[in-house]
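Please treat every number below as a calculation from the coordinates, not as lab data. These numbers were taken from a predicted model, which means no experiment stands behind them. Quick reminder, even Gly has a Cβ in these numbers, built from the backbone with ideal geometry, and neighbours come from all protein chains shown.
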Amino acid sequence: MIRFRPVCNPLFIGACVAYAINRWWLAPATHHPVLINWFNDLLLIPCALPPLVALYHALGLRGTTAPPRGREILCHLLLWIPLFEWIGPRFVPGTTADPLDAVAYCLGGFLAHAFWRRRQELPA
């Protein structure tokens, strides 16, 4: 079994690089709707969850060094979707709710979970 190192795993690093490239180069240069509206939303779980599980582990709130489990991903989605798509747009000026953002969060979470599980099964 491969030890999961939250902020050193390739998905986290790749997703953060993809986010930065899209945010500051691709989306402004191409004005493509998918890149502007949903691509970075797809990266929410791969970018945000690894540092959080490292923090949870450091605080003693998570007893394992395994990749985020499906229920951990689901719990964060159940928190973040209402926060970002319902509460935020009601109280933060300039933000809007988009149901397709929630779809992108979930798809990104599903793909991240599949990647982390597959990597965990590889021989050491």
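Numbers for the structure displayed
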read-out: Test: residue in the range 75-85 that is part of a loop (DSSP other than H, G, I, E, B) and surrounded by 15 or more Cβ atoms within 10 Å (Cβ to Cβ); value: no
read-out: Residue within the range 39-48 that is in a helix (DSSP H, G or I), touching a Pro at 6+ places or on another chain (Cβ under 7 Å) and surrounded by 17 or more Cβ atoms within 10 Å (Cβ to Cβ) present; value: no
read-out: Verdict on residue 21 being surrounded by 16 or more Cβ atoms within 10 Å (Cβ to Cβ), aliphatic (A, V, I, L, M) and out of contact with any Phe, Trp or Tyr (no Cβ under 6 Å at 6 or more places or on another chain); value: no
read-out: Matching entry among 115, 110 (being in contact with a helix residue (DSSP H, G or I) (Cβ under 7 Å, 6 or more places away or on another chain), within 21 Å of residue 10 (Cα to Cα), part of a helix (DSSP H, G or I) and of a type outside the set (A, V, I, L, M)); value: 115
read-out: Count of the range 19-38 residues which are assigned to a helix (DSSP H, G or I), touching a helix residue (DSSP H, G or I) at 6+ places or on another chain (Cβ under 8 Å) and without any contact (Cβ under 8 Å) to a residue 60 or more places away in the chain; value: 7
read-out: Some residue of the range 44-61 being among the β-branched types (Val, Ile, Thr) and closer than 13 Å to residue 112 by Cα; value: yes
